[in-house]
1. Take the residues in segment 179-215 that are among the charged types (D, E, K, R) and within 17 Å of the chain's Cα centre (by Cα); name whichever of them is nearest to residue 134 (Cα to Cα).
2. Consider residue 27 against the criteria (1) within 12 Å of the ligand (Cβ to nearest atom); (2) touching a residue at least 24 places away in the same chain (Cβ under 8 Å): it satisfies all of them except one. Which criterion is unmet?
3. Is one or more of the residues making up segment 161-184 open to solvent by 50 Å² or more (accessible area, probe 1.4 Å), part of a helix (DSSP H, G or I), farther than 20 Å from residue 38 by Cβ and acidic (Asp, Glu)?
4. Only one of 96, 137, 80, 103 is of a type in the set (Ser, Thr, Tyr), more than 16 Å from the chain's Cα centre (by Cα) and more than 19 Å from residue 214 (Cβ to Cβ). Can you tell me which?
5. Within segment 64-78, how many residues are more than 16 Å from the ligand (Cβ to nearest atom) and not in a loop (DSSP other than H, G, I, E, B)?
6. Which residue is most open to solvent (accessible area, probe 1.4 Å), if the candidates are limited to segment 47-86 and must be in contact (Cβ under 8 Å) with a residue 40 or more places away in the chain and hydrophobic (A, V, I, L, M, F, W, C)?
7. Could you list, in sequence order, the residues of segment 167-215 that are free of Cβ contacts under 8 Å to residues at least 24 places away in the same chain, at negative phi and of a type outside the set (A, V, I, L, M)?
8. Out of all the residues in segment 79-106, which are in a helix (DSSP H, G or I), among the β-branched types (Val, Ile, Thr) and within 15 Å of the ligand (Cβ to nearest atom)?
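The values are calculated or read from the model by the stated rules, or taken from the named source; none is laboratory data. Keep in mind that this is a model prediction, so the values were computed, not measured. We place every Cβ from the backbone using ideal geometry, glycine too, and count neighbours over all the protein chains shown. We work out accessible area using only protein heavy atoms, side chains counted, and drop any ligands, DNA or RNA first. Shrake-Rupley method; radii C 1.70, N 1.55, O 1.52, S 1.80 Å.
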Amino acid sequence: MKQEELQAIASQFKHPTGEKGIEMANMMNETNINMTHHSIQNLHIEEANTILELGHGNAGHVEFIFEQAENIKYYGLEMSELMFQEARQINRNYVSQKQAFFSIYDGNLIPFEENLFNKVFTVNTIYFWQEPEKLLSEIYRVLQPKGILCITFAEESFMKQLPFTQFEFELYSTEKAEILIEKTSFKIINKETLTEKVKSKTGELVDRAFTTLVLEK
Ligand SMILES: C[S@@+](CC[C@H](N)C(=O)[O-])C[C@H]1O[C@@H](n2cnc3c(N)ncnc32)[C@H](O)[C@@H]1O
């Protein structure tokens, strides 16, 4: 594959746009659903929790969140206008019932007041954070004391085998992510790395290692 084609794939992962972006988002939601569920389960969602997700893609997994407990509120933040629109459409019932709220932001400043959320999570976005320490301090600000943040990402050892990750992506091993967290006020309370089978571009099943870091304010 040509360099420009690889660059175009990387850009779609970072910021889905146009017809291709919708296709890409459907594929991502399907391929990454195990990672997404792992992140959500590690939040230990309880009744009346207010939850924030950064970079939800098409947000086809929001129903799973509402299955976790009663009386939850879900807020989704995206940088992609297309993903914001797709997520609102797919979750239109939750939106009209004022249980789910979607907004666009700049990827750096979280447009919410402090101490608003019990739980925050994000899956497959850390690679694209422009200023990781600043974004983590923003998440810290909007979390309640003792609030939980789950960060889920595919391990660098797997990701570096994908030819398009040489563009746009900053790859993380667990150790590198822990070094980043140590620069913030968060406390790491758990970490888990799992390996799952995913379909490669050529159709065969390959092992993907992914990690969820569980952090407490
Ligand atoms: C690779 S996709 C992952 C989507 C979904 N979470 C999943 O795992 O299937 C990355 C998504 O995060 C969004 N994104 C990129 N940088 C972001 C940031 N700093 N904050 C929030 N979302 C971001 C992109 O627009 C894109 O929809």
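1. 191
2. Failing condition for residue 27: (2).
3. yes
4. After applying the criteria, what remains is 96.
5. 2
6. 79
7. Matches in segment 167-215: 173, 175, 176, 182, 191, 195, 197, 200, 201, 202, 204.
8. The answer is 90, and nothing else.
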